[in-house]
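The values are calculated or read from the model by the stated rules, or taken from the named source; none is laboratory data. Keep in mind the model is a prediction, meaning the values are calculated, not measured. Please note: Cβ atoms are built from the backbone with ideal geometry, for glycine as well, and neighbour counts cover all protein chains shown.
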């Protein structure tokens, strides 16, 4: 099939071009929108905590056993681990490009289960979490108190308990990370009192594990033939500092009872003092939302903004929400620049062709070819699994020059033919449609090649 084939069959060329346009429109409506494409390798994060342990202790007792079991999991390329003196442990496992992240998470979780038996009891009690790493931040939301009525701990807990669950239910939101401290019951041990009674921190932990629990207490009268059966109840976990103060540590030789308040100070405060956060110079916290791969960023952000607007109306006085980062700003700026470039180029091409060829029909032909070829590109992007992002938009701008060159060259070549032949070609339009097809193919090829090169470099 060559150029003459399309010239001799104008109907076929017309049908192909119309099909390309329709497929491009359908692809444009179905393409997901995101700031950057998903080109990073699948990553699984394994996180846990070992309160009170140093980074060196964590490395020997937690990270080493986990890495020994995780190493060699299917399709794994490498892994990294971090440990801090705050007790936080993070192991990132990277996989080959194209690996199913869900299956990778399952495989890593199975490996982590093998190491549970050799981990410290405190780590096992805290739990070891395995989850897919979300790499694309779609939005950052700040919540603050302009008049200073509430501290960052209150704001963090208000957001986590009231707003975060609703955000996570939005289709397209994969993760919500809140940068703020939560409320926690803090027990400050007094070294002098502990030494006086021969106690160590492990003794306090053991007592808390025994007396601050929720457990089944059983029934009275079950299977006894009695008339009534009673379910026993008791006050389980402690919820106030006063209740923690009354926890019995041990009995003294004098017959008195040593309670927690005798060796420690209990208060309801921040879970950690490792960091503080402010928003617009006031007490506040920041929440970062991560986008799931393949979702439409514009639609997701629209839903998020609607939810935040509703929650603002229901929020307590002196609690304000503010958008800190929005990926739509970059996307809309990129789309605006692309559209601006296309319009400027189309106008210049039409003017140049009209000035040199002195033909309105010849000036319209490049316009039609550019529109058909570019619209058809979206069909190819949808078929091959790409999305509308900053890289694909940039590729469109790069390939646009080739489309314009092809259109101008074809028009100029036809115009150089004898008048009768040129008039017949332009009026019948088969050559125009075939040129459109070729421009579209050339445009798509260059876009995909550029994306492949870009992905390999990254």
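Within the range 315-323, identify whether any single residue is modelled with pLDDT of 85 or more, within 27 Å of the chain's Cα centre (by Cα), surrounded by 13 or more Cβ atoms within 10 Å (Cβ to Cβ) and in a loop (DSSP other than H, G, I, E, B), and answer yes or no.
Taking every residue of the range 315-323 in turn, at least one turns out to be modelled with pLDDT of 85 or more, within 27 Å of the chain's Cα centre (by Cα), surrounded by 13 or more Cβ atoms within 10 Å (Cβ to Cβ) and in a loop (DSSP other than H, G, I, E, B).
Can you tell me which of 136, 156 is crowded, with 20+ Cβ neighbours inside 10 Å, in contact (Cβ under 8 Å) with a residue 12 or more places away in the chain and over 25 Å from residue 297 (Cα atoms)?
Testing whether each residue is crowded, with 20+ Cβ neighbours inside 10 Å, in contact (Cβ under 8 Å) with a residue 12 or more places away in the chain and over 25 Å from residue 297 (Cα atoms) leaves just 156.
State which residue is nearest to residue 41 (Cα to Cα) when the search covers only the range 85-96 and only residues that are part of a loop (DSSP other than H, G, I, E, B) and touching a strand residue (DSSP E or B) at 6+ places or on another chain (Cβ under 9 Å).
96
Anything in the range 196-214 that is surrounded by 15 or more Cβ atoms within 10 Å (Cβ to Cβ) and not in a loop (DSSP other than H, G, I, E, B)? List them, or say none.
203, 204, 205, 207, 208, 211
Of all the residues that make up the range 183-193, how many are in contact (Cβ under 8 Å) with a residue 24 or more places away in the chain and part of a helix (DSSP H, G or I)?
The number of residues fulfilling the criteria is 1.
Could you list, in sequence order, the residues of the range 76-94 that are farther than 18 Å from residue 126 by Cα, crowded, with 17+ Cβ neighbours inside 10 Å and free of Cβ contacts under 8 Å to residues at least 40 places away in the same chain?
The answer is 76, 79, 81.
On the basis of being surrounded by 10 or more Cβ atoms within 10 Å (Cβ to Cβ), part of a strand (DSSP E or B) and modelled with pLDDT under 80, does residue 269 make the cut?
Spelling it out, residue 269 is indeed surrounded by 10 or more Cβ atoms within 10 Å (Cβ to Cβ), part of a strand (DSSP E or B) and modelled with pLDDT under 80.
Report, by residue number, each residue of the range 167-182 that is surrounded by fewer than 15 Cβ atoms within 10 Å (Cβ to Cβ) and either touching a residue at least 60 places away in the same chain (Cβ under 8 Å) or in a helix (DSSP H, G or I) (or both).
168, 171, 177, 182, listed by residue number.
Go through (1) assigned by TED's automatic domain parsing to the domain that holds residue 211; (2) crowded, with 18+ Cβ neighbours inside 10 Å for residue 295 and report which single condition fails.
Residue 295 satisfies every listed condition except (1).
The rows are residues; the columns are (1) closer than 30 Å to residue 301 by Cβ; (2) surrounded by 11 or more Cβ atoms within 10 Å (Cβ to Cβ); (3) modelled with pLDDT of 80 or more.
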residue: 184; (1), (2), (3): no, yes, yes
residue: 194; (1), (2), (3): no, yes, yes
residue: 221; (1), (2), (3): no, yes, no
residue: 228; (1), (2), (3): no, no, no
residue: 238; (1), (2), (3): no, yes, no
residue: 242; (1), (2), (3): no, no, yes
residue: 247; (1), (2), (3): no, yes, yes
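Mind telling me which of the residues 351, 307, 342 ends up being at pLDDT below 75 and assigned to a helix (DSSP H, G or I)?
Among 351, 307, 342, only 342 is at pLDDT below 75 and assigned to a helix (DSSP H, G or I).
Could you list, in sequence order, the residues of the range 325-344 that are touching a helix residue (DSSP H, G or I) at 6+ places or on another chain (Cβ under 6 Å) and without any contact (Cβ under 8 Å) to a residue 60 or more places away in the chain?
Passing the criteria: 328, 338, 341.
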